[in-house]
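K.L.:
Please read through the structure below; I'll follow up with questions.
The values are calculated or read from the model by the stated rules, or taken from the named source; none is laboratory data. All values reported here derive from a predicted model rather than from experimental measurement. Ideal geometry is used to build each Cβ from the backbone, glycine not excepted, and the neighbour counts take in all protein chains shown. Surface accessibility is based on the protein's heavy atoms, side chains included, excluding ligands, DNA and RNA. Shrake-Rupley method; radii C 1.70, N 1.55, O 1.52, S 1.80 Å.
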Amino acid sequence: MTAPLMSLTWTDHVTGRQGFLVVDRLVRGVSSGGLRMRPGCTLDEIAGLARGMTMKEALHYDPQGRYVPLGGAKGGIDCDPRAPGAYEVLVRYLRAMRPYIESFWTTGEDLGLTQDLVDRAAAEAGLISSIQAVYPLLDDETAARRRLADAFAVEVDGIGLDALVGGCGVAESALTALDLTGVPYAGTRVAVQGLGTMGGATARFLTRAGLTVVAVADIKGTVLNPDGLDVEALLAARDAYGTVDRAALRPGDLELPGDAWLAVDAEVLVPAAVSYAVDTTNQERITARWIVEAANMPVLPEAEKQLAARGVTVLPDVVVNSGTNAWWWWTLFGDIGPDAGEAFAHTRRSMRALVKQTLSRAEADGTTPRAAAHAIVADRLPVIEERFGWYQ
């Protein structure tokens, strides 16, 4: 693949903190990718995520769909979202990025930020919306914006639909892998790193499918119960950053160090927090059969090679966590309506087909699922370019 179309670094004139924007490519003049805020965020990290967004968009290309995939992009700010003044840094970043957001970068929540916070900061920065660059591509902008707003207003069991669809896609990816290998849901154990939006929803959907979540990890450490955790109680006891109030733990729930989730006796690991969580050293502790990447880039490439050599299958982030982004556009462009049942059904159907295609391609090519996903993207990008050109 080619170098990014655009890469820039912003320095906050008040705090000296840096932010980044990488546009990997444009399709119909627009790109898509969230904005993350975390201490230690780097330009290289954002470039990798932007490339991943290009892949996610291409993987969901359906010539018959109303949603036509956009290009890939990503934004990042090197700042702890909990730090005093972090919100003001976010507003200044968005104010600086306003020309790009107005013209060709659609963005939204990512690690460290909620959509509500992004929306509030975007309004303060003078933006109409964090996705306003896509509005000229809509057949009926008013109806489309109303449809998306209605979808964001939908709640399921007290949780917003927008906070659930991504986890639905991650869970369906894991379930598809189990189905293809004939592994029953009952008795299959899961460990989840991160109980925020993506990790929490994934834990909920997997539990309701009949799997047993035996461990969850947050910033305070790992909570383990070999007989299964009360996922709903833990979700109810978490704060906005996915940290669980330990007062909600039951007798039998054990508190372990933060990295203990890696070595938990479970068949499925779901890293759903930070990037680069699994490296060449700690991968040796993993005994799970599948790693399902709910987070972006949680497994380093060299570690993934080592895991593959040990028979551990990594279901890649570009496939697994692509459901949230796709749901925004399916809804906005009108492929689905603002309805939870319709959203979950479409997400499950699309993710199941994509995971099946990825795993089948991996088996046929004798490669990893990530290499197979890259191959599928390599097949689709020229088709998208032929239809829409590079920048048009």
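K.L.:
Whether any residue in the stretch 352-375 is hydrophobic (A, V, I, L, M, F, W, C), under 18 Å from VAL30 (Cα atoms) and not in a strand (DSSP E or B) is what I want to check. Break it down into steps so the answer makes sense when it comes.
P.N.:
Start the filter on the stretch 352-375 by keeping residues that are hydrophobic (A, V, I, L, M, F, W, C), which leaves 353-355, 359, 362, 364, 371-373, 375.
Within this subset, residues satisfying the condition of being under 18 Å from VAL30 (Cα atoms) are none.
No: zero hits.
K.L.:
Report every pair of residues separated by at least 6 positions or lying on different chains whose Cβ atoms are under 8 Å apart, first residue within the stretch 56-77 and closer than 23 Å to LEU359 by Cβ, second of a type in the set (Asp, Glu) and surrounded by fewer than 19 Cβ atoms within 10 Å (Cβ to Cβ).
P.N.:
Pairs found: GLY65/ASP335.
K.L.:
Right, another one. Just one of ASP116, ASP139, ASP150 is of a type in the set (D, E, K, R), surrounded by fewer than 16 Cβ atoms within 10 Å (Cβ to Cβ), more than 30 Å from GLY187 (Cβ to Cβ) and at pLDDT 95 or above; which is it? First the steps, then the outcome.
P.N.:
Values: ASP116 fails: at pLDDT 95 or above; ASP139 fails: at pLDDT 95 or above.
When all the criteria are applied, what remains is ASP150.
K.L.:
So how many residues does the stretch 4-31 have that are within 17 Å of ARG98 (Cβ to Cβ), of a type outside the set (A, V, I, L, M), buried (at least 24 other Cβ atoms within 10 Å of the Cβ) and touching a residue at least 60 places away in the same chain (Cβ under 8 Å)?
P.N.:
2
K.L.:
What is the number of the single condition among (1) open to solvent by 20 Å² or more (accessible area, probe 1.4 Å); (2) closer than 19 Å to LEU175 by Cβ; (3) assigned to a strand (DSSP E or B) that PHE205 does not meet?
P.N.:
So PHE205 meets the others, but not (3).
Residue by residue, here is whether (1) among the hydrophobic types (A, V, I, L, M, F, W, C); (2) more than 24 Å from GLY167 (Cβ to Cβ); (3) modelled with pLDDT of 95 or more holds:
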residue: GLU302; (1), (2), (3): no, yes, yes
residue: ALA309; (1), (2), (3): yes, yes, yes
residue: LEU315; (1), (2), (3): yes, no, yes
residue: THR358; (1), (2), (3): no, no, yes
residue: ALA364; (1), (2), (3): yes, yes, yes
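K.L.:
Another question, then. Run down ALA345, ALA378 and say which single residue is surrounded by fewer than 17 Cβ atoms within 10 Å (Cβ to Cβ) and either under 19 Å from the mean Cα position of the chain (by Cα) or within 30 Å of PHE152 (Cβ to Cβ) (or both).
P.N.:
Values: ALA378 fails: either under 19 Å from the mean Cα position of the chain (by Cα) or within 30 Å of PHE152 (Cβ to Cβ) (or both).
The match here is ALA345.
K.L.:
Take the residues in the stretch 47-91 that are buried (at least 18 other Cβ atoms within 10 Å of the Cβ) and assigned to a loop (DSSP other than H, G, I, E, B), then tell me which one is modelled with the highest pLDDT.
P.N.:
Out of the qualifying residues, it is CYS79.
K.L.:
Moving on to the next point. Step by step: first the residues of the stretch 228-258, then only those that are of a type outside the set (A, V, I, L, M, F, W, C) and in a strand (DSSP E or B), then the one that is modelled with the highest pLDDT. Which residue is that? Show your work before the answer.
P.N.:
Residues of the stretch 228-258 of a type outside the set (A, V, I, L, M, F, W, C): 228, 230, 232, 238-239, 241-243, 245-246, 250-253, 255, 257-258.
Within this subset, residues satisfying the condition of being in a strand (DSSP E or B) are 238, 255.
Numbers: ARG238: 93, GLU255: 96.
Among those residues, the one meeting the criterion is GLU255.
K.L.:
If I filter the stretch 152-162 for residues that are without any contact (Cβ under 8 Å) to a residue 24 or more places away in the chain, assigned to a helix (DSSP H, G or I) and more than 21 Å from the chain's Cα centre (by Cα), do I get at least one hit?
P.N.:
Quick first cut of the stretch 152-162, residues without any contact (Cβ under 8 Å) to a residue 24 or more places away in the chain only: 155, 157-158, 160.
From what is left, the residues that are assigned to a helix (DSSP H, G or I) are none.
No, the stretch 152-162 contains no residue that is without any contact (Cβ under 8 Å) to a residue 24 or more places away in the chain, assigned to a helix (DSSP H, G or I) and more than 21 Å from the chain's Cα centre (by Cα).
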